[in-house]
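Q: Take a look at this one; I'll ask things after.
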Amino acid sequence: MTSASLPHISELGNLSDTGKSALLDLLFEPSAEIHQTLIPVIKSREFASYSEFIEACRESFLSLASKSTAASPDPRLLSILGSHPRLGAKKVESEQSAAEQAKLGGESEILARLNRDYEERFPGLRYVAFVNGRGRPEIMEDMKARMDRSDFNKEVDTALQAMCDIAKDRASKLPVQATGQAGTNL
């Protein structure tokens, strides 16, 4: 999807549901649960910027997270967090995630073990981090620190914040179409 672009922020409400889903796939990850959770956010009001829109998405995610506990995690929340590929995974569906993880290289045995350890510590969750140019050693140290913290609720909040930071970064890097051209490249 090398010609991917975002519709002008004023055009979000005019997108078809398919267009809204494609937009969410660009900003977040392909996920039916993300679509189900965030399409109502797009329909709820007009936004002045992508940053404002993504903040409204984060609030929607946090509302869902507030109904989830380690003992009884919300399946929709787990699906949303699970939409992100494992760090260093060999097969990454999203072109954006593949590019963002390129600096980390392929999955090493150590990173694969850390992913397994993380998912054992936090059943149903997947480690999500805004890589933002950090190398493998820094990311693995962050992963270990988050496992040592061993707090499900903080981990969910951290992962959701990372998802939104990633979305804001993606939005800042994608070209925005002129008003009235919504959906031409989605």
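Q: Carbon and sulfur together cover what percent of the accessible area of region 18-87 at a 1.4 Å probe radius?
A: 51
Q: Same structure again: Return the Rg/Rh value of region 17-173, two decimal places, where both radii are evaluated on C-alpha atoms and Rh is the Kirkwood radius.
A: 0.95
Q: How much length is gained if the chain between Ser51 and Ala178 is pulled fully straight, taking 0.36 nm per residue apart and subtracting their Cα-Cα distance, in nm to one decimal?
A: Taking Ser51 through Ala178 to full extension adds about 43.9 nm, to one decimal.
Q: Excluding ligands, DNA and RNA, what is the solvent-accessible area per residue of region 17-173 at a probe of 1.4 Å, expressed in Å²?
A: Here the residues of region 17-173 average 47 Å² of exposed surface.
Q: Among the listed pairs Lys20/Lys173; Lys43/Lys154; Lys43/Lys168, give every one whose C-alpha distance is greater than 23 Å.
A: Pairs exceeding 23 Å: Lys43/Lys154.
The values are calculated or read from the model by the stated rules, or taken from the named source; none is laboratory data. Keep in mind that what you see is a predicted model, and the values were worked out from it rather than measured. For accessibility, only protein heavy atoms count, side chains too; no ligands or nucleic acids. Shrake-Rupley method; radii C 1.70, N 1.55, O 1.52, S 1.80 Å.
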